[in-house]
Every structure is written in C-alpha cells, then in structure tokens.
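Enquirer: Got a structure for you, questions after.
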Amino acid sequence: MLRRKGIAVCVLALCCAVAAAKNKKKVPLPEDVLRAQTVLVIIDPNAGMDIEDPNANRIARVDVEQALMKWGRFSLATEASTADLVITVSKGNGKIAQPTIGGVPNNNRPVIFEPSNSGVRIGGRQGTTGDPGDPSNPQSQPPNPQPEAQIGRSEDMFVVYRSNRNDPRDAPLDSPAVWRYTAKNALHSPDVPAVDEFRKAIVESEKQLAGKP
C-alpha cells in the first residue's frame, strides 16, 4: 500500500513538472538585439578546419549569409565596427572527436559581389586592417597551422553576440552570447534551420514585449 502511494506521488510530481515546463515562457531577447539592423557572420575562430571537409565552415558561412539576405531583416556587414550583432558559425560532422587543422585564419575572405532577391552584397576582408578586437580581422587569428583534435563539436553551431561597436577594444566574442542554437544540420543549405529558429526567437520576443503593460 505504501509503495502504491509512493508511486502515485512520484507520478503526480512528474505531471506537475511537465505542466510547469509547458507553461513556462521562453526568455525574450533583449530589446537592443531586436533593434539590431546589421550583422557580421564569421566562422567561429575556435573551429578547426575539418581534414575530410576543409571548406565546410566557409560554405556554412555563405549559406547563413544567403539565408539572412533572403529573410531581409538585417543588412550584412564586413567587420564588427559596422555591425550591431556578430554571428559565429561552426559545422559539425556527427563525430564527438575528430582530427582538424588549427591556427588557420578562416575569416580572411575575398571581395564579394553577390546579387540576391533582397539586394546586392558588396564587400570583403583581406589584409590586416580593422581593430584588433574585431573577430573578422585576420590579425586577431595569426596563421599557425597545426594538427589538432577537436572535441565536442559533433553538431552545427550558430551563436549570436553583441558587436560592442561602441567600444572596439572590447572583443565581441569575449562577452556572453545573447542567443545560440546547436543541432544536427542546423546550418544545412538551403533551408538553414538555425536562421529560421533565430527568426522565430525574434518574432516570439517581439510578441512578448508587445504584450507587456
């Protein structure tokens, strides 16, 4: 009899916990993030180059930029000093541990002239101009290629930071992230689920803030 009562109490507690989880609203994004108009997309500086797929991160960055242009909410920036937000991307390949090449300046990119349905993007980043704290500045990641073992990046990562454009000395990636999404194929083209989830987070945040008294 006591055992049955114990089971009943556990079941009741579990149901209450599930109900509370369902009723709990997600924390809205900060208002300054919702006001952002420009965004810089870069490869996570800590992401090594996959030996089996060395262009995976570069392709993911382009796919994310194209998805953002299709969305049309943000303009793309080429450096942190002209961006409100910085988004880092990193591809996973389903392996918890994998051999990579570290010390490669992933964010040194050629000049781009890219038309799209939402406009034309012109820009690029070569050389060592820009602030030392700018994560898109190749100088912030000096070339020193070396073999590494990357642990714990089995899934795609999409992380949003404030750019700290008002204080260039404050590196954006040294501050806490304001939003992140990690999942298998989160950066998969052409749908790029991470961008869609970020869009949903912004829409939900705007609804919550609009409902405040």
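The values are calculated or read from the model by the stated rules, or taken from the named source; none is laboratory data. Quick caveat: nothing in here was measured; it's all calculated off a predicted structure. Cβ: placed from backbone, ideal geometry, glycine included. Neighbour counts: every protein chain shown.
Enquirer: I'd like to know if the stretch 193-213 contains one or more residues that are under 16 Å from Asp63 (Cβ atoms), touching an Asp or Glu at 6+ places or on another chain (Cβ under 6 Å), loosely packed, with under 15 Cβ neighbours inside 10 Å and modelled with pLDDT of 90 or more.
Expert: First, the residues of the stretch 193-213 that are under 16 Å from Asp63 (Cβ atoms): 193-199.
After this cut, where a residue has to be touching an Asp or Glu at 6+ places or on another chain (Cβ under 6 Å) as well, the list is none.
Looking for residues that are under 16 Å from Asp63 (Cβ atoms), touching an Asp or Glu at 6+ places or on another chain (Cβ under 6 Å), loosely packed, with under 15 Cβ neighbours inside 10 Å and modelled with pLDDT of 90 or more, one finds none in the stretch 193-213, hence no.
Enquirer: Here is a follow-up. Between a first residue in the stretch 190-213 that is within 16 Å of Met157 (Cα to Cα) and a second residue that is among the acidic types (Asp, Glu) and part of a helix (DSSP H, G or I), which pairs have beta carbons less than 6 Å apart while being 6 or more apart in sequence or on different chains?
Expert: Val192/Asp63
Enquirer: Which condition number in (1) in contact with a Leu (Cβ under 8 Å, 6 or more places away or on another chain); (2) farther than 17 Å from Lys26 by Cα is the one that Lys184 fails?
Expert: (1)
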